[in-house]
Amino acid sequence: MAPRGLLASGCFVALIALWEGLSRHTATLALVAPAPSVIVQALMERSPLFAHHTLITLRTMMSGVALAFSLAFPLAWAMLL
């Protein structure tokens, strides 16, 4: 019997291969969910743009977390007093 991780990895690879094959041979699916190779190619071609927007998104998320902590901890402490 194969280890669980190996089985999960095999299922993941099979799912990606099925997605790739179906999207290449079905025009409708290619519009809805392009092939994984097309997605990776677009990420590589536009990597500076994706990196820029990823950093902006991370900065926004961290600002939200910082705001939540700066409000939550004093309010929690005030509730304990």
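The values are calculated or read from the model by the stated rules, or taken from the named source; none is laboratory data. Remember, it's a predicted structure, so these values are computed and weren't measured experimentally. Here the Cβ is made from the backbone with ideal geometry for all residues, glycine too, and neighbour counts use every protein chain on show. For the accessible areas, the whole protein counts, side chains as well, though only heavy atoms, and no ligand, DNA or RNA atoms are used. Shrake-Rupley method; radii C 1.70, N 1.55, O 1.52, S 1.80 Å.
Given Ala78, Ala33, Ala14, which one is within 20 Å of the chain's Cα centre (by Cα) and at pLDDT below 95? Break it down stepwise before answering.
Numbers: Ala78 fails: within 20 Å of the chain's Cα centre (by Cα); Ala14 fails: at pLDDT below 95.
Residue meeting the stated conditions: Ala33.
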- Of the residues in segment 16-62 that are in contact with a Leu (Cβ under 8 Å, 6 or more places away or on another chain) and of a type in the set (A, V, I, L, M), the one that is least open to solvent (accessible area, probe 1.4 Å) is Leu29
